[in-house]
Every structure is written in structure tokens, then in C-alpha cells.
1. If one takes the longest principal axis of the Cα atoms in the chain, at what angle in degrees, from 0 to 90 and to the nearest 10, does the Cα axis of helix 87-96 lie?
2. Please sort by residue number the chymotrypsin sites (Phe, Trp or Tyr not before Pro) in the range 1-85 whose DSSP state is loop and whose Cβ has at most 14 other Cβ atoms within 10 Å.
3. Rounded to the nearest 0.05, what FRET efficiency is calculated for residue 19 and residue 69 with R0 set to 25 Å and r the Cβ-Cβ distance?
4. Quick check for me: using +1 on Lys/Arg Cβ and -1 on Asp/Glu Cβ, what's the dipole size of the chain about its Cα centre, in debye to the nearest 20?
5. Just to be sure I understand the curve: with the Debye formula and one point per C-alpha of the chain, what is log10 I(q)/I(0) at q = 0.11 Å⁻¹?
6. Can you tell me the order of 51-61, 68-78 when each peptide is scored by its average per-residue count of other Cβ atoms within 10 angstrom, highest first?
7. For the range 45-99, build the charge dipole from Cβ charges (+1 Lys, Arg; -1 Asp, Glu) around the Cα centre, then report which of 87, 59, 48 sits farthest towards its positive end.
8. What is the angle, in °, between the Cα long axis of helix 45-78 and the longest principal axis of the Cα atoms in the chain? Nearest 10 is fine, range 0 to 90.
Amino acid sequence: MCKTTTPLDRLRQSYGMAALPDSLRIEAFGEFGRPVGKPIAQATIDDVAFAIQALSDESTALYQRLDALRRLHDHARRAGGLGTALAVEAALRGVEVGR
């Protein structure tokens, strides 16, 4: 018995395409203001471009939060904070004394 594969399955076998999602979140909003998902097999090139932009925006926001947390950690440690100390208080002490 020959197993049929979809065009998406075949594309996912290509180098770098294994992580393609089953669906995209598109900018349209459905019932109760929830984002609408669209099967990737039915997505237009513009849908993919908009999904890329949305993921890029999310990635930027995630990186900014990650960077801020790293800075908080580093400031707190430079100020002499130990693992059980409150990070914000330790970092603030360090910032206020110029460390």
C-alpha cells in the first residue's frame, strides 16, 4: 500500500522546512476578537508575509524582555545580591550607587 503525502508533507521533507506550522495566525479577527488561524496549505504568499511580520514583532518583544531580565540579573549580582535576594531591590541598590 502506497501512502499518499500532501504537498505540505513533501515540502516539509526539504532542508529547513520541517518546522513549517500546520496553520498561520492571520491578522483578521474572528468571534470574540480572537485571531483567526488559516491552514498553511491554504495560505497566500501575502498571508505568509504577514505571519512573518507578526512573528518578527513577537520575537523582538521576546528578545527585549530577555535582555531586560539579563540586565536585571547582572545589575543585582554586581550589587552583591545573592540568589535569595530580591532582584529588583538588589539591582536598584547597585544602580543608585553607580555599580
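1. 60
2. Values: sites: 15, 29, 32, 50, 63; in loops: 15.
When the chymotrypsin sites (Phe, Trp or Tyr not before Pro) of the range 1-85 are filtered for loop state and at most 14 Cβ neighbours within 10 Å, 15 remain.
3. Values: r = 26 Å, r/R0 = 1.03.
Rounded to the nearest 0.05, the efficiency is 0.45.
4. Working: 13 positive and 12 negative charges, 95 e Å.
Roughly 460 debye, rounded to the nearest 20.
5. -0.61
6. Values: 51-61: 11.8, 68-78: 14.0.
By packing density, highest mean first, the sequence is 68-78, 51-61.
7. 87
8. Roughly 20 degrees between the two axes.
Read-outs: derived from the displayed coordinates by stated rules, not from any lab. Just so it is clear, the structure is predicted and the values come from calculations on it, not from any experiment. A quick note on method: Cβ atoms are made from the backbone with ideal geometry, for glycine too, and the neighbour counts reach across all protein chains shown.
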